[in-house]
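First comes the structure, then the notes that go with it.
The values are calculated or read from the model by the stated rules, or taken from the named source; none is laboratory data. These figures come from a predicted structure and were not determined experimentally. Backbone-built Cβ (ideal geometry, glycine too); neighbour counts: all protein chains shown.
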Amino acid sequence: MGKTRYGIVLFVLLLLPPIRLGMESIMIVHMLIQLPLLILAGWLTGDVVVRKFYDVWDRWNGNGIPGIILVFFITLFWMFPRTLDEALTYNSMEFLKFISLPFVGLLLRGSWEKLHTLGKTFIYLNYLSMFGLFAWLYIDSPIQICNNYLETQQKVLGWGMLFITVLMILSIIHYVFTDHSKENVT
Amino acid sequence: MNSMVRKEERKANKHVASYLVIGGIVIGLMMIFGILMLLQQGGVFDVGPALFYQFLTIHGTGMVGAAALAAAAIMYYFLRQYVDLTPEIFVTNLWLFLVGVVMVIIGVFSFEYASAWTFLYPLPALSAGAWGTLGAILYLGGMLVLGTGFVLFYIDAGRAIIKKYGSLGKGLGWDILSGKRPVDKAPPKAVIASTMVIIVNTTALIAGTVVIIMNMIHVVNPAFTFDPLLAKNLTYAFGHIFANAIIYMGVIAVYEILPRYAKRKWGVSKAFLVAWNMSTFFTLLIYTHHLLMDPSMPKWALIMAQILSYSNGLPVLVITAYGALMLVYKSGIKWDLASGLAFLSMLGWTLGVVPAIVDATIVVNHVMHNTKWVPGHFHMYMGLGAVVMLFAFMYFLAKEDSGIKENWLDKFGLTCYTISFLGISGSFLVSGAISTPRRWATHIPDWMGPAVFGGVSGVLALLASTIFIFHFTRYMALRNKMGSESYEKKLA
Amino acid sequence: MRKNWRNKVAILLSVFAGLLLLYIGTDGFRAFTAESARTYQLMKEKPVFPEVTLEDSNNRIYPFSDFEGKYVMLTFIYTACADVCPKLGMNLAEVYEQVPSEFIGENIVFLSISFDPKRDDPATLDKYRTYFGSDGETWRMARIPDQTELDRLLEEFGVIVIPDDYGNFTHNSAFYLVDKNGVLQEVMDYTKIDKAADTVISMVEEEAGD
């Protein structure tokens with residue numbers, strides 16, 4: 001129950017105009033802090049929802065694959081420069097952002113654990129290459145990708161994404177080279 | 001219980017056989033394109049440069065793809081005897097391969113996409129009107145689908161190895177090298193080789209995914225430009241490693257076939273482990289020898305490329321070739337197609353490395369890398385090394401699974417294949433030595449002789465390969481008949 | 001088995017929903033940036049060039065409607081720009097070269113509009129035009145002295161200009177082709193010179209053929 005409360009508090013905090021506008025004024029904070037925090041808020045409240053609708057959930061998302069597919073597409077959608085831009089220009093997109101990302105968190109809560117190692121690894125590697133690609137795109141692009149942000153901000157975001165990519169690479173290297181013989185891997 | 005294991009094994013063999021027959025047929029078809037290219041260069045006929053480059057593209061893509069597919073079947077067949085692989089993933093990979101191949105073929109022949117299989121940025125978008133956006137997207141998209149299948153396959157194999165042995169490090173025998181466990185507790189050779197391939201190919205495929213999607217973005221929206229040097233690095237980190245890994249999957253067949261024929265044990269030694277660990281590491285880095293002519297690359301990277309290229313394949317090659325010799329020496333081994341081809345592949349691998357080492361020397365590279373010397377190297381290495389392993393495994397599987405007899409035609413095939421491939425790679429090397437540029441649709445008369453010789457040798461190689469594949473399809477037909485009979489017997 | 005069936009349907013549905021989201025969000029996989037979305041939108045809306053007063057490098061002052069009856073090939077620039085504008089100018093010069101000379105000045109005029117009226121006075125523009133071989137007549141360079149008129153034009157044609165702290169602007173770039181009634185017909189990628197030239201020539205030829 002405590003987790004749910006934190007989730008709701010986090011969501012409300014993110015909604016507060018000064019925090020919201022402050023975060024959105026810097027591109028890297030917008031994409032790499034605000035968006036993940038929205039997902040986190042959904043993840044924290046997800047427990048309750050998943051438990052409440054357990055039967056339906058289990059019937060339709062038994063192996064976690066439908067949920068993770070939606071997660072993949074929605075997060076990909078929010079990595080496009082255009083959506084980030086339009087969230088600032090159109091209220092409808094901003095609204096969609098505050099709805100869809102907590103939903104991603106919720107889906108993640110109810111899907112990730114159900115995936116087998118194979119599915120988890122595949123999704124992980126997908127995100128790894130996506131972050132790598134977007135890092136490259138944002139750092140290297142000679143044109144201004146977002147109309148609302150300057151080119152320098154876009155480069156900062158690129159370096160941020162590269163940092164995440166490197167962390168992800170190190171973490172998977174760590175995973176595959178440390179001993180798991182005492183664990184039960186499915 | 002036992003019948004269930006049998007049934008499962010029969011099903012696995014069926015999947016493996018499907019991989020091999022598809023791989024074999026695609027390799028045969030790609031040989032036709034290779035022959036056509038050589039004859040075009042030899043001035044026998046003139047199909048025009050546009051079609052030549054489409055042939056070049058499909059030949060490279062198809063050969064690497066099909067050989068990798070068939071080699072993956074070898075890896076699956078032997079690895080599944082030690083760890084729990086998922087059959088569904090193995091089948092999924094085959095389907096994705098077929099979808100990818102169809103996309104590539106449509107892209108190349110219907111939309112005239114012809115960037116060569118290396119699709120070096122910004123070529124996919126810059127064709128001077130030779131092909132449009134759709135062709136490039138279909139080709140690149142096809143590669144992406146192909147790659148997805150292989151990624152799933154390697155993740156599954158990696159997962160299974162980690163489950164059984166604890167980690168990929170242990171799959172490479174790190175705990176034995178560090179002295180924590182005795183050498184007789186080392187994982188089997190198939191596991192060690194598979195672990196190496198999983199590591200290098202997953203890396204390669206991730207690099208490939210990034211650079212392929214980047215190319216697609218550039219094709220759709222040319223205002224997004226990217227650093228071409230980084231793109232080249234990623235492209236070769238993908239292409240070189242992926243092509244290189246074919247032989248490391250194929251060699252599993254040699255490890256498993258020769259001891260059975262020689263009736264001797266081919267144990268894992270510490271030297272063997274060291275060799276495979278070194279090759280794992282080097283294989284990840286040596287793609288940079290494709291960039292020896294790029295002056296904007298940092299100098300240290302190029303020097304590293306030269307040194308590591310010398311030592312890349314060598315540890316595994318030496319340990320394997322020496323091991324194979326010792327195994328066979330005075331063992332009274334029974335020579336048939338499987339063991340003969342397996343042994344030939346070791347010879348081809350060894351020979352094929354020599355021109356590579358010559359080319360990896362920076363001074364030589366500047367002169368040789370854009371000549372046909374390089375295709376000479378990889379036709380020897382692939383044609384007499386990797387692909388021979390695939391054919392060896394085909395004969396092995398056919399014999400194991402059905403008891404089909406080989407005849408004089410198969411023996412003729414072996415001789416014909418060996419001679420013809422020496423002819424093909426020899427003609428390429430001669431062309432390189434007389435400074436014939438590679439990837440040129442037309443040759444001046446001085447360069448035509450070796451090309452025609454290569455083309456004629458190619459026809460013989462195609463004939464030999466057809467004999468091999470024909471033998472394998474005979475086995476598959478026999479096997480299907482046997483399968484239903486034994487199934488009926490069981491029912492009765 | 002039943003459970004499995006539902007799960008499979010859910011997989012299909014989620015793939016479909018995901019692709020639909022991407023499809024709608026990118027105008028059918030056409031526009032991945034706000035800029036390309038804007039271009040796509042502009043081509044659909046085809047706005048009319050608003051009434052503005054231009055002051056060109058020859059110190060002439062006239063309304064845009066003076067160009068009525070001719071196609072106008074436009075770009076938006078500022079002369080202090082060191083990165084994209086020179087490229088834009090060079091590429092426009094190449095398009096200019098490719099258009100057959102009988103059409104130049106008769107059926108089509110080239111025009112570079114500065115969005116930095118404070119610094120880009122006629123003298124500055126006159127010097128700037130020589131860098132690209134513009135004759136000041138069939139390829140003119142002009143500023144819009146009235147800031148409200150300028151802003152309205154930029155808004156209508158979707159040109160975003162963000163000033164930075166160093167006196168430079170970050171802005172989007174394209175070729176704009178306006179027909180003889182002042183209606184925007186094409187927004188073209190300024191890096192694809194040949195494609196832009198083909199579009200311009202075919203439009204002008206069609207018009208001249210009538």
* Could you check, for the range B:471-478, whether at least one of its residues is surrounded by fewer than 15 Cβ atoms within 10 Å (Cβ to Cβ) and of a type outside the set (S, T, N, Q)? => yes
* For the range A:126-148, how many residues are of a type in the set (A, V, I, L, M, F, W, C), within 8 Å of chain B (Cβ to nearest Cβ) and in a helix (DSSP H, G or I)? -> 4
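A:Leu40: surrounded by 18 or more Cβ atoms within 10 Å (Cβ to Cβ), more than 10 Å from chain C (Cβ to nearest Cβ) and among the hydrophobic types (A, V, I, L, M, F, W, C), yes or no? Spell out how you get there, then give the answer.
Numbers: surrounded by 18 or more Cβ atoms within 10 Å (Cβ to Cβ): yes; more than 10 Å from chain C (Cβ to nearest Cβ): yes; among the hydrophobic types (A, V, I, L, M, F, W, C): yes.
For A:Leu40, the condition - surrounded by 18 or more Cβ atoms within 10 Å (Cβ to Cβ), more than 10 Å from chain C (Cβ to nearest Cβ) and among the hydrophobic types (A, V, I, L, M, F, W, C) - is met.
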* Return the total of residues in the range B:79-124 being surrounded by 23 or more Cβ atoms within 10 Å (Cβ to Cβ), more than 16 Å from B:Val64 (Cα to Cα) and out of contact with any Ser or Thr (no Cβ under 8 Å at 6 or more places or on another chain). => 2
* From (1) assigned to a loop (DSSP other than H, G, I, E, B); (2) at pLDDT 90 or above; (3) within 19 Å of the chain's Cα centre (by Cα), pick out the condition that doesn't hold for C:Asp120. => (3)
* To do: Test each condition in (1) of a type in the set (D, E, K, R); (2) in the same structural domain as C:Asp189 (by TED's automatic domain parsing); (3) in contact (Cβ under 8 Å) with a residue 12 or more places away in the chain; (4) in a helix (DSSP H, G or I) for C:Glu106 and report the one that comes out false.
  => (4)
* To do: From A:Val29, A:Val50, grab the single residue that is in contact (Cβ under 8 Å) with a residue 24 or more places away in the chain and of a type in the set (A, V, I, L, M, F, W, C).
  => A:Val50
* Structure fact -> Among A:Gly119, A:Gly132, the single one that is in contact with a Ser or Thr (Cβ under 8 Å, 6 or more places away or on another chain) and touching a residue at least 12 places away in the same chain (Cβ under 8 Å) is A:Gly132
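Can you confirm whether A:Gln153 is more than 12 Å from chain B (Cβ to nearest Cβ), in contact with a helix residue (DSSP H, G or I) (Cβ under 6 Å, 6 or more places away or on another chain) and over 30 Å from B:Ile89 (Cα atoms)?
So A:Gln153 passes the test.
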* **Enumeration of residues in the range B:63-99 that are among the aromatic types (Phe, Trp, Tyr) and in a helix (DSSP H, G or I)** => B:Tyr76, B:Tyr77, B:Phe78, B:Phe90, B:Trp95, B:Phe97
* To do: Report yes if B:Ile32 is in a helix (DSSP H, G or I), touching a residue at least 24 places away in the same chain (Cβ under 8 Å) and more than 23 Å from B:Ala116 (Cα to Cα), otherwise no.
  => no
* Asked: List the pairs whose first member sits in the range B:64-89 and is at negative phi, whose second member is surrounded by fewer than 19 Cβ atoms within 10 Å (Cβ to Cβ), and whose Cβ atoms are under 6 Å apart, counting only residues at least 6 apart or on separate chains?
  -> B:Tyr82/B:Pro188; B:Val83/B:Lys164
* **Single unsatisfied condition, C:Leu88 versus (1) surrounded by fewer than 21 Cβ atoms within 10 Å (Cβ to Cβ); (2) in contact (Cβ under 8 Å) with a residue 60 or more places away in the chain; (3) not in a loop (DSSP other than H, G, I, E, B)** => (1)
* Asked: In this structure, is C:Asp27 modelled with pLDDT under 85 and acidic (Asp, Glu)?
  -> yes
* Asked: Does the range B:227-238 contain at least one residue that is touching a residue at least 12 places away in the same chain (Cβ under 8 Å), within 12 Å of chain A (Cβ to nearest Cβ) and surrounded by fewer than 20 Cβ atoms within 10 Å (Cβ to Cβ)?
  -> yes
* Asked: With respect to the numbered conditions (1) farther than 27 Å from A:Gln144 by Cα; (2) within 14 Å of chain A (Cβ to nearest Cβ), which one is the sole condition not fulfilled by C:Gly133?
  -> (2)
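Across the range A:1-55, what is the number of residues that are assigned to a helix (DSSP H, G or I) and under 28 Å from A:Ile145 (Cβ atoms)? If you could, list the steps in order and put the result at the bottom.
Quick first cut of the range A:1-55, residues assigned to a helix (DSSP H, G or I) only: A:2-15, A:17-24, A:27-52, A:54-55.
From what is left, the residues that are under 28 Å from A:Ile145 (Cβ atoms) are A:14-15, A:17-24, A:27-42.
Count: 26.
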* To do: Kindly list the number of the only condition in (1) surrounded by fewer than 24 Cβ atoms within 10 Å (Cβ to Cβ); (2) without any contact (Cβ under 8 Å) to a residue 60 or more places away in the chain that fails for B:Ile162.
  => (1)
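Tally up the residues in the range C:59-70 that are of a type outside the set (D, E, K, R), surrounded by fewer than 21 Cβ atoms within 10 Å (Cβ to Cβ) and in contact (Cβ under 8 Å) with a residue 40 or more places away in the chain, please.
First, pick out the residues of the range C:59-70 that are of a type outside the set (D, E, K, R): C:59, C:61-65, C:67, C:69.
Now narrow it down to the ones that are surrounded by fewer than 21 Cβ atoms within 10 Å (Cβ to Cβ): C:59, C:61-63, C:65, C:67, C:69.
Among the residues that remain, those that are also in contact (Cβ under 8 Å) with a residue 40 or more places away in the chain are: C:59, C:65, C:67, C:69.
The number of residues fulfilling the criteria is 4.
Looking at B:Lys405, is it on the phi < 0 side of the Ramachandran plot, outside any helix (DSSP H, G or I), of a type in the set (D, E, K, R) and surrounded by fewer than 16 Cβ atoms within 10 Å (Cβ to Cβ)? Walk me through it before giving the result.
On the way: on the phi < 0 side of the Ramachandran plot: yes; outside any helix (DSSP H, G or I): yes; of a type in the set (D, E, K, R): yes; surrounded by fewer than 16 Cβ atoms within 10 Å (Cβ to Cβ): yes.
When the stated conditions are applied, B:Lys405 passes them.
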* To do: Could you tell me which residue of the range A:59-91 is surrounded by the fewest Cβ atoms within 10 Å (Cβ to Cβ), considering only residues that are more than 7 Å from chain C (Cβ to nearest Cβ) and not in a helix (DSSP H, G or I)?
  => A:Tyr90
